[in-house]
Every structure is written in structure tokens, then in C-alpha cells.
Amino acid sequence: MRNFIWKYETPEGFDDLVMCGDGEALTGLWFEGSRDDVHEARGCERREMPAFRDTCHWLDENFAGHDPGFTPNYRIEGATPFRRAVIDEMLRIPYGATVSYGDIAKAIERKRGGRVSAQAVGGAVGWNPICIVIPCHRVIGADGSLTGYGGGLENKVSLLAREGIDMAFS
């Protein structure tokens, strides 16, 4: 259950971020005004907590163009085993790199066996409740295209540019 909320003011060129937590861990991080922010943050109490301070420090480093070198304390609620496998693969994407949905599908196939579709991976990537920290913005189409981003394509392009990846969209 997400009980607490905090706002992070991003540098110019990005929408601000909203984070939710349960008193011990970060449980949500979304761009302000996204569908997740509007739906998930409703009814939360504004209160500072250690996980929010750590997340703000992580975001400060990230927006300064650096790999923060640590991961803030977070908790994922309601993830299926498949979604957890996709999150694990996203966490393996290095700062300043991208992978395709198909690459993630193949990695999961190698570990778990069976067939995994890139479309199923796309659904799990889109479900990610903790953007940026769990780097869903680093997942792109097989042809190198930007195929969507819950936080808005402008934010995705800007996040990738901060990491040294030049992407354009039309």
C-alpha cells in the first residue's frame, strides 16, 4: 500500500517526478501528470522519509549526468514472476546503454526456457512502477526506435540524452 508521497523537482527539460512510499521503501516513481501518477498517488499523505531522501540523492546524481552507483531502497508490489524477470533484466542495463524488448525476451528465454514475446516484455516494461531507477527508458524497439514511454517520449529522449545516448523521435 502506498501511503506517503513526495515531489521531486527535475531540471529544466523534464516533467517533475512524484514518488510514493510505504514508510520504509520507495514503492512508486512517476513523471507528474502521467496516468500512473494520477491514479496511484491519490490519497497519499505528503511526508518525507529516508527512502525519499535516498531517491532524491539518486535522482540528483542521475540528472547531473552520472551513474549514481547505488540503488535506493524500493519495494515492488503485485509483480508476477514474469514481470519480476523483466525488471531483473532492466536492472542489468548499464547506464548509457539501451536494449530492445526482443533482447530482454531472449535473455528471459535463456534463463527460464520457453518462448517469450517482445510484446509481452513491452507490457511488463510499461507496468514498471518505479521509472528511471528501474530503467525502463533504456528499452527501445528492435530497429532502434522509440516505441513509447509512460512518462512521455520527450522525457525518455531527454533521459537517454543525459546518459549520452542520442535518440530522436518524430
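Computed from the coordinates by the stated procedures, all read-outs in this text should not be read as laboratory data. Computed from a predicted model, the values in this text were never measured in an experiment. Cβ placement follows ideal geometry from the backbone for every residue including glycine, while neighbour counts extend to all protein chains displayed.
Hey, what's the Cα Rg ratio for segment 81-162 versus the globular rule of thumb, 2.2 N^0.38 Å?
Computed over Cα atoms of segment 81-162, the ratio equals 1.00.
Expected output is a single nm value to one decimal: the length gained when fully extending between GLU77 and ARG112, i.e. 0.36 nm times separation in residues minus the C-alpha distance. What is it?
That pair, GLU77 and ARG112, stretches by 10.4 nm at full extension.
How far is it, in nm, from the label point at ALA97 to the one at GLU9 when both lie 7 Å from their Cα along the line to the Cβ?
3.6 nm
Under a 5 Å amide H to amide H cut-off, with H placed in plane at 1.01 Å, what residues pair with SER100 once short-range neighbours are removed?
Correct list: ILE140.
Using only Cα atoms and rounding to the nearest 10 degrees, what angle (0 to 90) does helix 81-91 make with the longest principal axis of the chain?
The helix 81-91 is inclined about 80 degrees to the chain.
Considering Cα pairs under 8 angstrom that are at least six residues apart, work out the relative contact order of segment 81-162 and quote it in whole percent.
About 33 percent, as a whole number.
Averaging sequence separations of C-alpha pairs under 8 Å and six or more residues apart, then dividing by the length of the chain, give the relative contact order as a whole percent.
Reported as a whole number, the value is 21 percent.
Non-local amide H neighbours of ILE130 (under 5 Å, H modeled in plane, Pro and chain starts lacking H): which ones?
For ILE130, the qualifying residues are LEU29.
Looking at the P(r) of the chain, how many percent of alpha-carbon pairs lie beyond 18 Å?
Value for the chain (Cα pairs over 18 Å): 59 percent.
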